[in-house]
Amino acid sequence: MSGDKGISAFPESDNLFKWIGTIDGAAGTAYEELRYKLSLEFPSGYPYTAPTVRFLTPCYHPNVDTQGNICLDILKEKWSALYDVRTILLSIQSLLAEPNIESPLNTHAAELWKNQVAYKKYVRETYNKQTKSQET
């Protein structure tokens, strides 16, 4: 699955229930020019049951915890069998730009979000530090 700007996803191997997705941060956001890798695991009840989606690349964000879990309504109570991988990745890409700071998983990120200059600087620093440590 590719074609949309800034997102892609493919099966991890021969197992069609495990996919790896990538999301590029949208222009004009704190995540611009950053690329995140995600895992998507599809349950046997898919598409009637939402997949489990997690960030593999550490992501500092109000709606993402330190384990990469994502708080997004369409992956929980607002799931619909009509959603596909493309919809999921586009929704997460949109969430990066517009978090729900009223319902944060990461309260530090939610507080810092109010100061966009400091937030962007912190996102860049942690991204660079964490991606460098993953390379070694």
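The values are calculated or read from the model by the stated rules, or taken from the named source; none is laboratory data. Not measured: the values here are computed from a predicted model. Counting neighbours? That spans all protein chains shown, and the Cβs are built from the backbone with ideal geometry, glycine included. In case anyone asks, the SASA skips ligands and DNA or RNA and just uses the protein heavy atoms, side chains included. Shrake-Rupley method; radii C 1.70, N 1.55, O 1.52, S 1.80 Å.
State which residue pairs qualify: first residue within 17 Å of ILE20 (Cβ to Cβ) and open to solvent by 40 Å² or more (accessible area, probe 1.4 Å) and inside segment 34-49, second residue not small (Gly, Ala, Ser) and not in a loop (DSSP other than H, G, I, E, B) in any location, beta carbons under 7 Å apart, and separation of 6 or more residues or different chains. Going by the 7 Å Cβ cut-off, the qualifying pairs are ARG35/THR22; ARG35/ASP24; LYS37/ILE20; LYS37/THR22; GLU41/LYS18; GLU41/THR52. Among the residues of segment 53-72, is any part of a loop (DSSP other than H, G, I, E, B), over 13 Å from the mean Cα position of the chain (by Cα) and not small (Gly, Ala, Ser)? No - not one qualifying residue is present in segment 53-72. Restricting attention to segment 74-102, the residues that are more than 13 Å from CYS59 (Cβ to Cβ), part of a helix (DSSP H, G or I) and in contact with a helix residue (DSSP H, G or I) (Cβ under 9 Å, 6 or more places away or on another chain) total 5. Could you tell me whether any residue of segment 103-114 is among the β-branched types (Val, Ile, Thr) and either in contact with a strand residue (DSSP E or B) (Cβ under 7 Å, 6 or more places away or on another chain) or assigned to a helix (DSSP H, G or I) (or both)? Yes, there is a match, as at least one residue in segment 103-114 is among the β-branched types (Val, Ile, Thr) and either in contact with a strand residue (DSSP E or B) (Cβ under 7 Å, 6 or more places away or on another chain) or assigned to a helix (DSSP H, G or I) (or both). So for segment 120-131 (the condition being surrounded by 11 or more Cβ atoms within 10 Å (Cβ to Cβ) and acidic (Asp, Glu)), does at least one residue qualify? Yes, segment 120-131 has at least one match.
Out of the residues in segment 8-22 meeting the condition of being farther than 10 Å from LEU40 by Cα and among the small types (Gly, Ala, Ser), tell me which one is most open to solvent (accessible area, probe 1.4 Å). Across segment 8-22, the extreme among qualifying residues is SER13. If only residues of segment 4-27 that are free of Cβ contacts under 8 Å to residues at least 12 places away in the same chain and small (Gly, Ala, Ser) are counted, the one that is farthest from THR126 (Cα to Cα) is SER13. Within segment 51-88, the set of residues being out of contact with any strand residue (DSSP E or B) (no Cβ under 9 Å at 6 or more places or on another chain), within 15 Å of ALA9 (Cβ to Cβ) and open to solvent by less than 40 Å² (accessible area, probe 1.4 Å) comprises THR87 only.
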